[in-house]
Amino acid sequence: MKKNILIVGASGSIGHEFTKHYDLERNVEKIFALSRRNKDFDSKKIHPVIFDYNKDETFEDLIDALNNQPINTIIIATGLLHNKDVSPEKSVNNISVLGLNQLFHVNVFGPMLLIKKLLPLIKQSTLVKIIFLTARVGSITDNKLGGWYSYRSSKAALNMMIRTLSIELQRIKKENIVIGMHPGTVDSNLSKPFLKNVNHQILSPKESVAHMVKVIHRIKPEDSGNCFDIKGNVIDP
Ligand SMILES: NC(=O)c1ccc[n+]([C@@H]2O[C@H](COP(=O)([O-])OP(=O)(O)OC[C@H]3O[C@@H](n4cnc5c(N)ncnc54)[C@H](OP(=O)(O)O)[C@@H]3O)[C@@H](O)[C@H]2O)c1
């Protein structure tokens, strides 16, 4: 059966690479490529849709654009670590309401409100996989360095949302899958200012997506609710 895929953040480094990857897959019928600004994709399979977590009207426009078509895979590839107003906190002293609000809005509230909006479609689709891009720094067990309060805690909150959603969606259909994926350290707009301090492997978006699609392909309903690294290992919460 051919599948339809919805990618949120198709303008981002990783989201763009996912879009290009699925465009080449023969069993993919349509890709809804959501982004804040229109991206040119030279493919009949790819349907660009303008979408912004900060603009409620774009949620309505999306539902119109989908026009009740089934969705089989949803990839949430949006995320925020820094922008002109906020940067990762080194100390609790740097925490601000502005930073917390912006990061939680893009990393947690927006994606979950989108899933809420898509729920009727998810319920009527045959098999649904939902992949949220999370981050290893959202693991409480893994936190040995400290810092990055808003980003770490927004991803930890996202991971709890993933687990909770996975339970609800498997009550609807036991084949449904909801997981988080850590993409590795990837050269992107989000990571660029911090890469000079990294002493482990830095992946290109293409390399990261090549790993992740293998994990996504072999993931099973019993894996639902967990977060995985690019090798397919579960990341401790
Ligand atoms: N890169 C890494 O090393 C790394 C490591 C761990 C986890 N991750 C996670 O991987 C995911 C993708 O990151 P990336 O590296 O590809 O970053 P990126 O290139 O900065 O992409 C981020 C995406 O989020 C979108 N976005 C931001 N605010 C939005 C909003 N209000 N509404 C809708 N979309 C919004 C951006 O849209 P615009 O293009 O319009 O700005 C862009 O498409 C994120 O969840 C990130 O936390 C990345």
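I'm trying to understand the selection: among the residues of region 205-229, which are part of a helix (DSSP H, G or I) and open to solvent by less than 80 Å² (accessible area, probe 1.4 Å)?
Residues of region 205-229 that are part of a helix (DSSP H, G or I), as a first pass: 205-218, 221-223.
Across region 205-229, the qualifying residues are PRO205, SER208, VAL209, ALA210, HIS211, MET212, VAL213, VAL215, ILE216, PRO221, ASP223.
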Checking ASN197 against (1) in contact with a Phe, Trp or Tyr (Cβ under 9 Å, 6 or more places away or on another chain); (2) at pLDDT below 95, only one condition comes out false. Which one? (1)
Which condition number does GLY232 fail, the rest of (1) on the phi > 0 side of the Ramachandran plot; (2) open to solvent by 40 Å² or more (accessible area, probe 1.4 Å) being met? (2)
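ILE122: touching a strand residue (DSSP E or B) at 6+ places or on another chain (Cβ under 6 Å), open to solvent by less than 20 Å² (accessible area, probe 1.4 Å) and either at pLDDT 95 or above or more than 21 Å from PHE194 (Cβ to Cβ) (or both), yes or no? Spell out the reasoning first.
On the way: touching a strand residue (DSSP E or B) at 6+ places or on another chain (Cβ under 6 Å): no; open to solvent by less than 20 Å² (accessible area, probe 1.4 Å): yes; either at pLDDT 95 or above or more than 21 Å from PHE194 (Cβ to Cβ) (or both): yes.
Criteria not met by ILE122.
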Sort through THR185, THR164 and tell me the only one that's hydroxyl-bearing (Ser, Thr, Tyr) and farther than 19 Å from PHE109 by Cα. THR185
Identify all residues within region 91-149 that are without any contact (Cβ under 8 Å) to a residue 60 or more places away in the chain and of a type in the set (D, E, K, R); write none if there are none. LYS116, LYS117, LYS123, LYS144
Whether any residue in region 189-204 is within 16 Å of the ligand (Cβ to nearest atom), open to solvent by 70 Å² or more (accessible area, probe 1.4 Å) and among the charged types (D, E, K, R) is what I want to check. yes
List, please: which pairs have Cβ atoms under 6 Å, are six or more places apart or on different chains, and start with a residue in region 150-165 that is at pLDDT 95 or above and end with one that is part of a helix (DSSP H, G or I) and open to solvent by 30 Å² or more (accessible area, probe 1.4 Å)? SER150/LEU100; ARG152/VAL137; SER154/PHE104; MET161/MET112
Taking into account only those residues within region 51-74 that are touching a residue at least 12 places away in the same chain (Cβ under 8 Å) and near the ligand (Cβ under 10 Å from one of its atoms), which is nearest to LEU114 (Cα to Cα)? TYR53
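Within region 22-34, is even one residue within 13 Å of the ligand (Cβ to nearest atom), at pLDDT 95 or above and of a type outside the set (A, V, I, L, M)?
Keep residues of region 22-34 that are within 13 Å of the ligand (Cβ to nearest atom), which gives 33-34.
Restricting the remaining residues to those that are at pLDDT 95 or above gives 33-34.
Checking which are of a type outside the set (A, V, I, L, M) leaves us with none.
No: region 22-34 contains no residue that is within 13 Å of the ligand (Cβ to nearest atom), at pLDDT 95 or above and of a type outside the set (A, V, I, L, M).
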Top-ranked residue of region 35-50 - restricted to ones that are open to solvent by 100 Å² or more (accessible area, probe 1.4 Å) and within 28 Å of PHE104 (Cβ to Cβ), ranked as nearest to the ligand (Cβ to nearest atom): ARG36
Can you pull out the residues in region 1-12 that are surrounded by fewer than 22 Cβ atoms within 10 Å (Cβ to Cβ) and either under 17 Å from ILE131 (Cβ atoms) or more than 8 Å from the ligand (Cβ to nearest atom) (or both)? MET1, LYS2, LYS3, ASN4
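The values are calculated or read from the model by the stated rules, or taken from the named source; none is laboratory data. Every value quoted in this text rests on a predicted model; they were computed, and no experiment measured them. Cβ atoms come from the backbone with ideal geometry, glycine included; neighbour counts cover every protein chain shown. Heavy atoms of the whole protein, side chains included, go into the accessibility calculation; ligands, DNA and RNA do not. Shrake-Rupley method; radii C 1.70, N 1.55, O 1.52, S 1.80 Å.
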